[in-house]
Amino acid sequence: MNSAAPPEPPHSGGSPDPKHVLTAEERAEYERLSRHAAVRHRRTRRAGSSVLLLLTLVLAPLAVVAAWVHDTVSDTDRYVATVAPLASAPPVQDVLINRLTDRVVDNVDVQAVTDSLARTLQDAGAPPRVIAGAESLEGPLRNAVRTVVDRTVAGVITSDAFQQVWEGANRRSHAAVMNMLTGDREGAVEAVNGTVQLDVGAVVDQVQQRLVDAGFEKAAAIPDTDRTVTLFETEQLGKAQDAMRLLDIVGTWLPVLTVVLAALAVWCTPAHRVMLMITATGVGVMMVGLLVVLALVRRVYLDSVPPQALPADAAATIYDTFVRFLRDSTLTLLVVSVITALVAYLYGPGRLARGVRRVADRGTTATGRAMENAGMRTGAVGRRLADHRQWITAGVLAAAVLTLVLWNHPTVGAVALVVGVALVVLIILAILASAAGPVGRAADQAGQRAVP
């Protein structure tokens, strides 16, 4: 047996060679390359998250507007809820009453009535003073006719029945609104030569029938033309319709894309909490900008509507009614952004954040000890709450976010309600964890020391 056999190669299954010991120069070079790679990786992640953040901020206001357009156009109930208040808005009612009254009175020939009365008196041999008095009745008679017509028209426009008719007509004419937004000239709302017009023909017919029933046969002669009220007038209507159609198409997926980009921006960066705070703050600033744009558009719209076409108060009411859901959504997202940024800050190492957490911990701990002294220990349940405090907090916050996502068109009040409930739940859970007894209290204190 040859005891001087050569050793097995490393790949033959024998024992591996001892590890190579790095020299000082090799270790320094290795650490330098590692730091360089880490810096490059960190810079790449920061650059990627910055691009994603920029896209999120650019798309955030467009996503809000797109969602509003999509909901208003495609959802009949949402559309009816948008336009329903117009029927009960006093400025809009005044416009309809005055327009319809003028048209009816214009078709009543009061002068012919007074002339006929004067001729009859003259043929009967009445004194000239009586004949002259009959001729002077034209003004008072016209005023009397206008008063009666105005009262009748106002009774129709301000009645609950008209509110129901208005909502029913808008529900049936929802397809006409979609046609208007796409440029088709059909339905109660039409786009004609740079103007958006509301057809009030159904209202005219109802008023006309009531006046005829009341004895004003001349009301049957109300012309079939000029039965529209101009809502908008702008040279940019064609471009606005193109933008509307585009926003309607992307209204379904643009909000989802914006949320995904924001989540990726937070996930890609090395400092997740800081990026979350920056993203929330940026979205809040964009929502403030959107509110400013809405105010500027309102001014442009009011300046574009001639007073003879629509009084300023009625035009303002129409604009505010149409965009109120968009304004509400913008305010809601602004509040959510502020709350998100505040929560992200309170989880950080700032002096104020540490102070707030310290005060909250002292309050819940004192309450839990009071419960414990009163004999209401939570035992094993409290210890589990104390051991998994961070996970439970994350779960409550995730449930609050999911609730807002699933909420159909949440308002500022809904956000305040969800946030309030989440805070109450967290406080209760913290108190229960503090009332677990000595073991649970020790675990809770260890968890508090672990929090920066």
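See the values below:
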| quantity | calculated |
| --- | --- |
| Any hit, segment 442-449, residues being part of a helix (DSSP H, G or I) and modelled with pLDDT of 85 or more | no |
| Of residues in segment 141-164 being in contact with a helix residue (DSSP H, G or I) (Cβ under 7 Å, 6 or more places away or on another chain) and β-branched (Val, Ile, Thr), the one modelled with the lowest pLDDT | Val145 |
| Hey, Ser304 open to solvent by less than 70 Å² (accessible area, probe 1.4 Å), among the small types (Gly, Ala, Ser) and in contact (Cβ under 8 Å) with a residue 60 or more places away in the chain or not | yes |
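The values are calculated or read from the model by the stated rules, or taken from the named source; none is laboratory data. What you see is a predicted model, and the numbers here were worked out from it, not measured in a lab. Virtual Cβ from ideal backbone geometry, glycine too; neighbours counted across all protein chains shown. Surface accessibility is based on the protein's heavy atoms, side chains included, excluding ligands, DNA and RNA. Shrake-Rupley method; radii C 1.70, N 1.55, O 1.52, S 1.80 Å.
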